[in-house]
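Okay, structure first, notes after.
None of the figures in this text is laboratory data; all of them are computed from the coordinates on show. Predicted model only: the values in this text are computed from it and were never measured. Cβ sites come from the backbone with ideal geometry, for glycine too, and all protein chains shown count toward neighbours.
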Amino acid sequence: MTKKPFQSFIPSDRVIPEFSFLPILLGSVLGIVFGASSLYLALKVGMTVSASIPVAVLSITLFRGLSKVLGLRNTTILENNITQATGSAGESIAFGVAVTMPALLILGYDMELSRIMLVAILGGLLGVLMMIPLRYGLIVKAHGELAFPEGTACAEVLMAGEKGGTSAKTVFTGFFLGLFYKFSNAGLKLFKEVPEKAFGFFKGASAAIEVSPELLGVGYIIGPRIACIMLGGGILASWVLIPMIKLFGEGLTAPLYPATELISKMSLHEIWRSYVLYIGAGAVAAGGIISLIENIPTIIHGAIAGLKGISGSKAKSETTERTERDLPFGLVLLGVLGIIFAIWIAPSLHMNLLGALLIVVFGFLFVTVSSRLTGEIGSSSNPISGMTVATLLLTCLVFVLIGWVGPEYRVTALSVAAIVCVAASNGGTTSQDLKTGFLLGGTPKYQQIGILVGAVTSALVIGVTLKVLNEASTIYSKTAVPAGTVVENINVLTEEGKAPGDPKTYRVLRLMETPASGPLSKLNPGKYLVSEEGTVQYLVDPGINGLLSKRDDGTAVPKYEAPKAQLMSLIIDGILTQKLPWGLVLLGVSIALVLELCGISSLPFAVGVYLPLSASTPIFAGGMVRWLTEKIQVWRKNRLSEEEKESGPGILFSSGLIAGGSIAGILLAFLNLKESAMKQLNWGQHFAVSQESNLLPILVFGGLCLVLLMTGLSRKKA
């Protein structure tokens with residue numbers, strides 16, 4: 001059946017300014033901002049939200065302001081499209097990096113800046129280049145079949161902006177309010193960050209909420225259904241699993257594996273970390289794999305369609321219509337080969353030829369799958385973590401079969417999964433951007449160049465941001481080391497390290513597992529600093545998924561759970577060392593299966609089990625504000641289209657809250673590198689109510705929810 005010819009917003013025979021320096025520059029800057037905020041968010045709760053629409057809105061308004069102030073010509077719709085395409089790369093790369101690279105810390109290694117940057121840059125470029133040959137098949141030929149919801153909504157925003165209907169005031173308001181709120185909360189300590197209450201009548205159960213603007217914004221954007229499912233997982237963990245472990249384990253006279261101390265002496269957080277974390281990890285892994293299995297027909301169909309798109313794509317030349325010009329296929333192929341060679345020879349990746357070949361195979365498969373699924377169900381529902389789990393499982397199993405089970409192969413396996421994860425994530429985002437350009441009438445090769453530039457600039461900053469967030473919250477503790485703990489053979493420790501404020505140079509001990517006997521049997525696995533006499537002096541507890549939450553002087557330090565990275569470390573460690581507590585993991589798998597049989601998506605529920613309840617409750621609050629907003633709109637008989645729902649004032653305000661709150665958290669992390677600066681900022685220490693009251697933070701957070709509700713009910717300015 002012959003399709004009607006498609007007509008883009010800007011016809012293919014019309015040439016207007018599109019590719020210039022300022023749109024690329026602004027897109028790169030916005031990509032860095034939203035990439036950093038997405039990284040912060042992914043480390044806290046294991047998810048991100050699309051940056052395309054807020055970047056598009058900011059592009060329109062900022063360029064209008066520049067044209068008025070500096071007398072520059074106003075940008076065209078296609079130049080704004082280049083800005084959003086360049087800026088959107090940061091969010092997808094941040095997710096891929098946050099899902100994988102912190103696992104190095106959890107496995108006992110350091111996160112080298114060169115390794116993080118290489119994974120981010122090479123994975124980001126690979127995702128874009130592998131998507132380019134698929135554009136014709138997935139975007140052009142499948143138009144009308146694949147919706148690409150975020151890409152379509154972004155095109156609607158840009159077209160509305162061209163007609164004068166979009167303002168960035170809402171995004172800016174949300175950004176500065178989120179920034180001020182987070183700085184007052186986490187910096188000045190004017191009220192508690194996490195009000196919590198243990199139930200005296202229900203032993204082992206507690207309620208808590210992290211009153212953060214970024215998590216409230218996430219809840220509003222993902223909507224009430226997913227937010228409720230996540231809270232359900234949190235309730236199962238905090239009100240069922242932990243009380244059950246407390247009830248049945250409190251009378252035990254010996255530690256219950258995998259914990260090393262009595263349950264009766266463990267705090268609720270220690271019980272969660274020792275037992276519930278593994279149950280949640282099993283549920284997350286099962287949920288990711290189930291979502292992947294459910295999409296096997298789509299995977300096969302997408303791979304076939306992608307290959308047909310490559311073979312059926314017309315040779316692009318200057319005589320081809322402007323809207324059909326991709327980067328030359330030869331250049332794309334040369335770029336992919338260059339990236340594979342760089343992966344192979346880069347010393348920091350510890351990669352071998354087999355690993356490089358696995359990246360080629362898994363990379364192309366999952367970029368194709370990610371692009372296809374993004375077209376069908378959107379970026380938010382795209383099971384990137386499931387693809388990463390599948391890649392990691394298959395890679396580790398291959399390594400076990402050929403006998404590569406030593407510690408050095410953990411880094412290789414993780415590097416394979418990390419590059420594939422970043423590539424699949426950025427491939428899906430690239431397909432959304434190319435769909436936006438297709439609807440608007442943009443030139444594909446200009447968008448592709450913009451996304452490549454955005455990928456590189458964002459990747460450079462994301463590596464530094466990840467290092468800063470970890471180092472700012474890393475605790476060097478003497479009290480966590482039992483007195484008199486010694487290393488018998490000090491000469492085997494050749495790596496050196498230092499502790500802040502201590503001029504001495506120490507040797508580094510990396511304890512991958514606790515010995516059954518001997519002087520080190522009382523130490524938890526981790527990194528330690530050892531004196532020249534052989535005495536263990538410091539536990540170096542990382543900021544990402546570390547054991548401790550306070551320094552020796554009692555100062556609280558923000559920690560990052562990094563749920564998806566923890567899952568990756570469990571898979572690598574469990575398969576290569578074969579010491580995973582499989583009983584707990586299989587409990588989680590069973591929970592995921594029960595939910596799927598009940599017709600409920602297990603992945604968001606599993607994430608809720610995995611995260612502390614305090615992280616799920618503000619997301620739930622945001623989802624409830626979204627639900628109430630939509631109900632009131634129905635009562636007002638003001639029904640919105642799907643595009644309006646995805647780009648309405650509430651969504652834009654929430655995007656601002658996420659960016660503002662996350663950027664404030666990153667800025668505070670920089671300040672936290674110098675402890676004296678944070679102590680001077682702590683105004684709350686002068687007011688007892690700031691440190692003790694649970695009611696004050698809930699009232700302030702309730703006020704923020706009310707502002708979000710009122711914004712969501714407001715109409716767009718014409």
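Please enumerate, by chain and number, the aspartates and glutamates with C-alpha under 14 Å from the C-alpha of K169, excluding those fewer than 8 residues away in the same chain.
none
Can you pull the one-decimal nm distance between simple spin-label points at F176 and A346, each 7 Å off the Cα toward Cβ?
Label at F176, label at A346, 4.0 nm between them.
Taking the Cβ-Cβ separation of L695 and V492 as r and a Förster radius of 60 Å, what is the calculated FRET efficiency to the nearest 0.05?
According to the calculation, E is roughly 0.65.
Place the peptides 252-261, 216-225, 352-361 in order of packing, highest mean first, counting for every residue the other Cβ atoms within 10 Å and averaging per peptide.
216-225, 352-361, 252-261
How much length is gained if the chain between S114 and L597 is pulled fully straight, taking 0.36 nm per residue apart and subtracting their Cα-Cα distance, in nm to one decimal?
Between S114 and L597, full extension yields 169.4 nm more.
Measuring from label point to label point, each 7 Å out along Cα→Cβ, what is the S590 to D13 span in nm?
With each label point 7 Å from Cα toward Cβ, the separation is 6.9 nm.
Compute the angle between helix 563-577 and the longest alpha-carbon principal axis of the chain, please, reported from 0 to 90 degrees and rounded to the nearest 10.
Between the helix axis and the principal axis of the chain, the angle is about 60 degrees.
Quickly work out the E145-to-L547 label distance, labels modelled 7 Å from Cα along the C-beta direction, and quote it in nm with one decimal.
If labels sit at L547 and E145, their model points lie 5.5 nm apart.
If I stretch the segment between E270 and L66 completely, what's the gain in nm (0.36 nm per residue apart, minus their alpha carbon distance), one decimal?
This chain segment gains 68.1 nm when fully extended.
In terms of modelled amide H atoms, which long-range or inter-chain residues lie less than 5 Å from the amide H of Q537?
Amide H neighbours of Q537, under 5 Å, 5+ apart: L529, V530, S531.
Between L188 and L706, take the C-beta separation as r, use R0 = 22 Å, and let me know the FRET efficiency to the nearest 0.05.
The value I calculate is 0.50.
In whole Hz, what ³J(HN,Hα) sequence does region 273-286 give by Karplus (6.51, -1.76, 1.60; θ = phi - 60°), x for Gly and Pro?
Once θ is set to phi - 60°, the couplings for region 273-286 become 6, 7, 10, 5, 4, 5, 5, x, 4, x, 5, 5, 4, 5 Hz.
If you plug each phi of region 387-398 into the Karplus form 6.51 cos²θ - 1.76 cosθ + 1.60 with θ = phi - 60°, what whole-Hz ³J(HN,Hα) values come out, in order, with x for Gly and Pro?
Result, rounded to whole Hz: 5, 5, 4, 4, 4, 5, 4, 5, 4, 5, 5, 4.
Sort the following peptides by mean Cβ neighbour count (other Cβ atoms within 10 Å, averaged over residues), highest first: 606-614, 525-533, 623-631.
Ranking, from highest mean packing down: 606-614, 623-631, 525-533.
Neighbouring Cβ atoms within 10 Å as the yardstick, rank T75, T323 fewest first.
Ascending number of Cβ neighbours within 10 Å: T323, T75.
Only Cα pairs under 8 Å and at least 6 apart count here; give the relative contact order of the chain as a rounded whole percent.
30 percent.
Per residue of region 532-545, in order, report the coupling 6.51 cos²θ - 1.76 cosθ + 1.60 (Karplus, θ = phi - 60°) as ³J(HN,Hα) in whole Hz, putting x for Gly and Pro.
5, 7, x, 7, 6, 9, 10, 8, 9, 8, x, x, 9, 6
Highest mean first, how do 561-570, 331-340 rank when packing is the count of other Cβ atoms within 10 Å averaged over residues?
Ranking, from highest mean packing down: 561-570, 331-340.
Only helical DSSP H runs with n ≥ 4 go in: add -39500 (n - 2.57) per run for the chain, normalise by residue count and round the 222 nm mean residue ellipticity to 500 deg cm²/dmol.
Computed ellipticity for the chain at 222 nm equals -20000 deg cm²/dmol.
In what sequence do T412, T479 fall when counting other Cβ within 10 Å, fewest first?
T479, T412
When the distances between all Cα atoms of region 53-143 are binned every 10 Å from zero, what whole-number percent does each bin get?
14, 29, 28, 22, 8, 1
For G441, what residues show an amide H to amide H distance below 5 Å, using hydrogens built from the backbone and excluding near sequence neighbours?
Under 5 Å from the amide H of G441 lie the amide H atoms of F9, I10, each far enough along the sequence or on another chain.
Extension gain L334-L353, at 0.36 nm per residue separation less the Cα-Cα distance, in nm?
Contour length minus Cα-Cα distance gives 5.0 nm.
Can you give the alpha-carbon Rg of region 476-541 over 2.2 N^0.38 Å, where N counts its residues?
Taking N as the residue count of region 476-541, the ratio is 1.00.
Take the Cβ-Cβ distance between L671 and S517 as r, set R0 to 60 Å, and report the resulting FRET efficiency rounded to the nearest 0.05.
Here the calculated transfer efficiency is 0.85.
Pairs K182/K522; K182/K265; K141/K631; K44/K637; K192/K564; K559/K631: which are spaced more than 29 Å apart, C-alpha to C-alpha?
K182/K522; K182/K265; K141/K631; K44/K637; K559/K631
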